[in-house]
Amino acid sequence: MSIEADQHQLPDARGYFGRFGGVFVPEVLMEALARLEQATREAFADPAFWSEYEALLRDYVGRPSPIYHAERLVDGPHAPIVFKREDTNHTGAHKINNTVGQALLARRMGKRRLIAETGAGMHGVATATIGAKLGMQVDVYMGAVDVERQALNVYLMKLLGATVYPVESGTRTLKDATNEAFREWAARVEDTFYVIGSVVGAHPYPYLVREFQKVIGVEARAQILERYGRLPSDVVACVGGGSNAMGIFHAFVGDAEVDLWGVEAAGHGVGSIDTAASLNAGSVGILHGSRSYVLQDDEGQVRDTHSVSAGLDYPGVGPEHSYLKDSGRARYVAIDDAQALAAFHHTARREGIVPALESAHAIAFAQKLAVERGPGGLLVVNLSGRGDKDVRTVAALEGAEVAR
Amino acid sequence: MIASGGIGDVFARARNERRAALIAYIVAGDPDRETTLAVVDALTQAGVDLIELGIPYGDPLADGPTIAAAGQRALATGIKFADSIEIAAAAHARGAAPVLFFTYVNPVDRYGAERFARDARDAGAVGAIVPDVPLEELDAFAPPLRAAGLAIPLLIAPTTPATRAARIAAESTGFVYLVSRLGVTGARREPDVAWAARTIERLRSATTLPLAVGFGISTPAQVAAVGAVADGVIVGSALIDAYAGSRGAEAARKAGVYAASLRAALPERALRQSSG
């Protein structure tokens, strides 16, 4: 399946999706971002770049990922639910689509060193993986709290030859790891490429990460048309920073009859202090280089967040999602910890698939939507990752012991 | 562009005294309001020409561990954006050195640029630096501040190409802030004095504004080296470290002793052609 860069849609030349996006970073990074934008433009216009990317996605990542009809997920009359199986990718999630693309871009720019932020560790592992394959040094910044919580992924990154730096500042989670990655980039901007893990950050990151993830939607749309002879009624994906959601949404944005649903992590509830639902509970602000919805207080201080899923535990969201929300093209709902955990178990028992806790948020919402839509509907759910990494978290929540 | 009133006077006086201006950065409310005011007084008495007053922000991308931690200490006391402005007003009322705010775009955005401009002016502040607003995004907050007569010094980094540096200098008001090396604020890495000297030389033809250098300057020897080429020397993290862990008069004494050692290190210079 051929992927080409989308040069004719948003963002605009200044990196804006409507009023969202932009470039809010210290001057020391401006030249690096300008060079990245230039390199991105050139690479995206070069068929050789895309053919190398596509070959790696096919042979190394294992694309196209299948679609799968999850027949036993919902009882009674309901719309069919079709999973887009990003969990079958190498390293177990959609993250690798993006790290392969950015690492190729880095190599093209002559950079020898990749840095990345990571929360649950999936993006860190995906960066370490492609770094190993391409022979590049990889340094990963990870909040000290997350280093504790995700010991398995920390060890995996080390196995892959990466160095993991625990970040002790602030709340010691993903937000602080991202701050630290930006600071490290500022200190070694000449030889270092910052591989951002989601559709966040300053322009051109939200654009280029979307371009590397849109393969999900391009494939899913063609697969659904082929198998069902029609477009889906709805596309559902979880949203933290929002890269898997932008990835699957993008191909469907022009299909007015397809409803797009982003599912945020409500944590203990959208109205509670313990939430990560930036689009549902946040306000417009500027975080990590772009204007978007942000969980913040009245003083513009970024709030601490909570979700049972580390990958959604982030106070910001990609600017294009803010644009899709305000324009009404996509709708954003929230699923709390308990609902996500229930969907996690239910999917394991009924389908023999253990989803990532992130993806379980999307599944939980899809179960309700499928009943509402009835047999005439057709839902595509982005199963963005597998749940192996979450087994210990879930076991701990239920008081079960899992050997370290 | 004509140097804005308050800041213009600061640099003019230093120039008349044949030396660079000494600019000191501290965080408002670190560790409390009274200590901040006592430190401001001590810095003024030690001969500091301009005080950069940091309005605390929890996610300061341009700052290293020292200033980030100072911000956290201040925020832990519950300090609000308006409280930082009030501290500046109190300092102004007691005749302290002029205050220039330093903060980040999100708290300014939240407070409102127009409200910030009005309140900062009323507090007697002379300007504001917002390091995560590059040239391209200036329209998002600069117009009301300019209208209120506040200076907006912009930053030039070692990575900034020459043509862009000239544009930044042209858009700056008050002075131009040269970042002395890659990375964030903090005393962990040496400033690149040679780069600063070359850049200053080049920028003299692009602007008549004073050129100040900051990031990583911590010792009297560094102040002497930078002060020999720049119109202003900015010291932050090392000053904060000098009184971290102390409060009130004790903090003020430590800050004053340290600032006086820097002030004494400023070399005498030939009288350059008047700028601004």
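The values are calculated or read from the model by the stated rules, or taken from the named source; none is laboratory data. Predicted, not measured: the structure shown is a model, and the values here were computed from it. Note: ideal-geometry Cβ built from the backbone for every residue, glycine included; neighbour counts use all protein chains shown. Ligands, DNA and RNA are stripped out before the accessible areas are found, and what is left, the full protein with its side chains, is counted by its heavy atoms. Shrake-Rupley method; radii C 1.70, N 1.55, O 1.52, S 1.80 Å.
Brief remarks on what is shown
- The charge dipole of the protein assembly as shown, taken about its Cα centre with unit charges on the Cβ of Lys, Arg, Asp and Glu (plus for the first two, minus for the last two), comes to roughly 1240 debye.
- For the range A:4-162, the antiparallel share of DSSP beta bridges with both residues in that region comes to about 45%.
- Solvent-accessible area lost on pairing B with A (1.4 Å probe, both sides summed) amounts to about 2900 Å².
- Cut-off 20 Å (backbone N to label point 7 Å along Cα→Cβ of A:Glu148), residues of the range A:180-211: A:180
- Inter-probe distance in nm under a simple model that places probes 7 Å from Cα toward Cβ, at B:Glu114 and A:Ser51: 5.8
- Computed over protein heavy atoms with a 1.4 Å probe, the accessible surface of the range B:206-276 works out to 38 Å² per residue.
- Considering only A:Ala342, A:Val235, A:Pro64, the residue lying farthest towards the positive end of the dipole of chain A is A:Pro64, judged by Cα position with unit charges set on Cβ.
- Assuming charge only on the beta carbon of Lys and Arg (+1) and of Asp and Glu (-1), the dipole of chain A about its Cα centre is about 740 debye to the nearest 20.
- Cα→Cβ-extended label distance, 7 Å offset, between A:Val284 and A:Glu372, nm: 2.6
- Protein-protein interface of the range B:49-93, residues with accessible area decrease of at least 50 Å², isolated chain reference, 1.4 Å probe: B:Asp59, B:Leu61
- Relative contact order of chain B, defined on C-alpha pairs under 8 angstrom at six or more residues apart (%): 26
- Shape call, the range A:1-98: gyration tensor on alpha carbons, a/c limit 1.5: prolate
- Global geometry of chain A, whether rounded, prolate or oblate, following the gyration tensor of its Cα atoms and the 1.5 cut on a/c: rounded
- Within the range A:1-84, the GluC sites (Glu not before Pro) that combine a DSSP coil assignment with at most 14 other C-beta atoms in a 10 angstrom radius are A:Glu4, A:Glu71.
- What you get for the range A:228-315, charging only the Cβ of Lys and Arg (+1) and of Asp and Glu (-1), is a dipole of about 220 debye around the Cα centre.
- Cα gyration tensor category, rounded, prolate or oblate, for the range B:57-196 with a/c compared to 1.5: oblate
- Other residues within the sphere of radius under 14 Å centred on the Cβ of A:Gly76, judged by their own Cβ, net out at +1 (K and R +1, D and E -1).
- Inter-centroid distance (Cα atoms) of the range A:300-375 relative to the range A:14-68, Å: 25
- Over all other residues within a Cβ to Cβ distance under 10 Å of A:Ile224, the charged ones net out to +2, with Lys and Arg as +1 and Asp and Glu as -1.
- Modelled label positions at B:Gln45 and A:Leu225, each set 7 Å beyond Cα in the direction of Cβ, lie 7.8 nm from each other.
- Number of partner chain Cβ atoms within 10 Å, mean per residue of A:14-24: 3
- Look at where the Cα atoms of the range B:154-205 and of the range B:58-125 average out, and the two centres are 23 Å apart.
- Under the Karplus curve 6.51 cos²θ - 1.76 cosθ + 1.60, θ = phi - 60°, whole-Hz ³J(HN,Hα) for the range B:16-30, x wherever Gly or Pro sits: 5, 8, 6, 8, 7, 7, 9, 10, 10, 9, 9, 9, 4, x, 9
- Helical content alone sets the calculated 222 nm signal of the protein assembly as shown at -13000 deg cm²/dmol, taking -39,500 (n - 2.57) per DSSP H segment of four or more residues and averaging over every residue.
- Electrostatic bookkeeping for A:Ile353 treats Lys and Arg as +1 and Asp and Glu as -1; over the other residues with beta carbon under 11 Å from its beta carbon, the sum is +3.
- Looking at the range A:168-219, the GluC sites (Glu not before Pro) that sit in a DSSP loop and have at most 14 other Cβ atoms within 10 Å of their own Cβ are A:Glu168, A:Glu190.
- The alpha-carbon of A:Lys84 sits under 22 angstrom from the alpha-carbons of these lysines, leaving out residues fewer than 8 places away in its chain: A:Lys95, A:Lys214, A:Lys368, A:Lys389.
- On the basis of the beta-carbon distance and an R0 of 51 Å, A:His268 and B:Thr219 show a calculated FRET efficiency of 0.55.
- Among B:Ala96, B:Pro191, B:Leu154 - extreme Cα towards positive end, dipole of the protein assembly as shown, charges at beta-carbon: B:Pro191
- FRET efficiency estimate (nearest 0.05) - Cβ-Cβ, B:Gln72 to B:Ala197, R0 35 angstrom: 0.50
- Percent antiparallel among DSSP beta bridges (both partners in chain A, rounded to 5): 30
- Lys/Arg +1, Asp/Glu -1 at C-beta; chain A dipole; positive extreme among A:Gly385, A:Gly328, A:Ala277: A:Gly385
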